[in-house]
Amino acid sequence: MDINCSAEELSIFETVGRVSDQMSTECYLIGGFVRDKLLGRPTKDADIVCTGDGIALAQAVAHQLKPKPHVSYFKNFGTAHFRFHEFDVEFVGARKESYRAESRKPDVEPGTIQDDQLRRDFTINALAVSLNKENFGKLTDPFNGLADLESKIIRTPLGPDITFSDDPLRMMRAIRFATQLQFDILPEVFDAICRNAERIKIISQERITDELNKIMAAPKPSVGLDLLYKSGLLKYFFPQFVDLTGVEIIEGKGHKDNFYHTLQVIDNTAAKSDNLWLRWAALLHDIGKPATKRFEDGHGWTFHGHEVVGERMTPRIFKQLKLPLNEKMKYVAKLVSLHLRPISLTKEDITDSAMRRLLFDAGEDIDDLMILCESDITSKNKQKVKRFLENFEMVKERLIAVEENDRIRTWQPPISGDDIMHIFNLTPSREVGVLKNAIKDAILDGVITNSYDAAYALLVAKAAELNLQPVNTVARQEENNQP
Ligand code: ATP
Ligand code: MG
């Protein structure tokens, strides 16, 4: 079997085979490594299965390598792992499994290689290549995985209802592989996913989200997201996304199907950027639409404020999906809240100060926001799209010109919120925000210059309206660029 390994990989595999011969066990490369090598995809780790004790084999192999890698292992699962020169190698003893209905934790007992192949999720993941000297490199393919690899088909080794019911995570994996590899799920396998969808409830959200993120990172995430919807899986862990589906018609007027619009926006974004979180912003950009949908007589469908509702929904959805509650979440929420702003600047009579405000609000994320906004243009009307894109280019050029002049992206007003609290002896409060924004707006609108003295004079005047007097002085900041 020609699977095009590097000299380094080959040398490790030969060592594994030699040690395995000495221990009188059979051992095979199996799973993702074999599949990806055959497909010519990059691989970073290899799984090795042997008859008998996988941990013992890993330790014996590690002894033969220089420098000797550290072996970590899980006794309960019979798995061991080491990393040798950036290459991850995972060892497991061949197993036979039977599952109980209420859990995905199987009862496991030692088995043959064939038993082990049978418990793999898909035929393309059950391909095994022997490493023993006697038949080094020979492919063992009991379920015609090679043929499925060639015809680009996802099929289960067992009846699909058994495979999915045993471990419902495999339903997510089927859809993930279909998306990543651009394979088709066999119709009867997909039907089994539809039948077993509800069993996804026993899988932890972390593992579901892991698969979801792999779908989101694929070249065309819409493929997997649509399959998740059509199979019925999506509603069990992400009902807000399903709420975007459908078209309502009143007085002959319909709105667009926001689910399929969103899928298009995600793909458009994915074509322009690998940033996973930008893709999440695309997924969530219209998530506030169902909650804000109204039919206004004589006007049609409106979704006023959906960007604000979407911004507020973002942290809740991140928590529900166990996505990180850190600056990534804040970045996504910010892009959702700003996603209409660049388009609003394509109207005529837009002042430089509107441009400055957008640059200030988006800060370093302005380029990502522009990608999102451009991706959001999905009209079927070619003329309309052309006009939009032309206007959009003009906005981009003006933003660049304003930024070159005024350096807003990294600009901060000359008096900070901390300064304001100190000057008036305030604790964090609404007043601090009001005063801070008054300074920012006055400078961005060109009402006052971008200087400490002008800002201070405005601050004292605004504070007086709130019955506040300065009680402390602060050290003056060095003055930065002029907006
Ligand atoms: P990738 O590494 O790109 O996620 P992979 O196929 O290598 O793809 P892993 O999760 O690394 O996936 O698993 C390695 C192998 O273990 C798989 O190829 C498959 O044979 C088997 N496997 C993994 N998860 C399952 C599962 N839930 N059910 C059955 N077999 C599985
Ligand atoms: Mg893998």
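Taken together, the values in this text are just the output of simple stated rules run on the coordinates, not laboratory data. Because the structure is predicted, anything quoted here is derived from the model rather than measured. In this analysis, Cβ positions are derived from the backbone assuming ideal geometry, glycine residues included, and neighbour counts consider all displayed protein chains.
Quick look at the numbers
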| quantity | calculated |
| --- | --- |
| Whole-number percent relative contact order across the chain, with pairs defined as alpha carbons under 8 Å at least 6 apart | 8 percent |
| Relative contact order (percent, whole number), the range 160-237, Cα cutoff 8 Å, 6+ residue spacing | 41 percent |
| Candidates per GluC sites (Glu not before Pro) in the range 57-97, loop by DSSP, up to 10 other Cβ within 10 Å | Glu86 |
| Euclidean distance of C-alpha centroids, the range 442-471 and the range 7-67, integer Å | 70 Å |
| Sorted peptide list for 302-313, 119-130, criterion being average Cβ within 10 angstrom, highest first | 119-130, 302-313 |
| Cα gyration tensor shape of the range 42-167, rounded if a/c is under 1.5, else prolate or oblate by comparing a/b with b/c | oblate |
| Overall form of the range 160-237 per C-alpha gyration tensor (a/c, 1.5; a/b vs b/c) | oblate |
| Integer Hz, Karplus 6.51/-1.76/1.60 couplings in order for the range 13-27, x for Gly and Pro | 5, 5, 4, 4, x, 5, 4, 5, 4, 4, 8, 6, 10, 8, 9 |
| Highest to lowest packing among 248-260, 284-296, 37-49, scored as the average C-beta count within 10 Å | 284-296, 37-49, 248-260 |
| 21 Å Cα-Cα reach of Lys44 towards lysines, excluding residues that sit fewer than 8 places from it in its own chain | Lys66, Lys68, Lys214 |
| For Asp445, net neighbour charge (Lys/Arg +1, Asp/Glu -1) across residues whose Cβ lies under 13 Å away | 0 |
| Loop GluC sites (Glu not before Pro), the range 326-394, which have at most 12 other Cβ atoms in a 10 Å radius of their Cβ (DSSP) | Glu348 |
| Projected label distance in nm at Asn381 and Ser429, using a 7 Å step from Cα toward the beta-carbon | 5.2 nm |
| Mean separation of Cα contacts under 8 Å, 6 or more apart, over the residue count of the range 263-335: relative contact order % | 27 percent |
| Filter on Lys37/Lys96; Lys37/Lys230; Lys293/Lys334; Lys289/Lys384; Lys75/Lys220; Lys75/Lys152 - keep pairs with C-alpha separation over 29 Å | Lys37/Lys230; Lys75/Lys220; Lys75/Lys152 |
| Nearest-ten-degree value, helix 306-320 long axis tilted from longest Cα axis of the chain | 40 degrees |
| Acute angle (nearest 10 degrees) that the helix 352-362 long axis makes with the longest principal axis of the chain, alpha-carbon atoms | 40 degrees |
| Computed Kirkwood radius, in angstrom, where 1/r is averaged over Cα pairs of the chain | 26.7 Å |
| Helix 205-216 vs. the chain, principal-axis angle (Cα, 0 to 90°, nearest 10) | 80 degrees |
| Potential lengthening between Glu109 and Asn467 on full extension [0.36 nm per residue; Cα-Cα distance subtracted] | 121.2 nm |
| Distance between modelled label sites at Lys96 and Asp367, nm, 7 Å Cα→Cβ extension | 5.8 nm |
| Spin-label model distance (nm) - Ile448 vs Phe74, 7 Å beyond Cα toward Cβ | 6.0 nm |
| Built amide H within the under 5 Å cut-off of Leu244, gap 5+ | none |
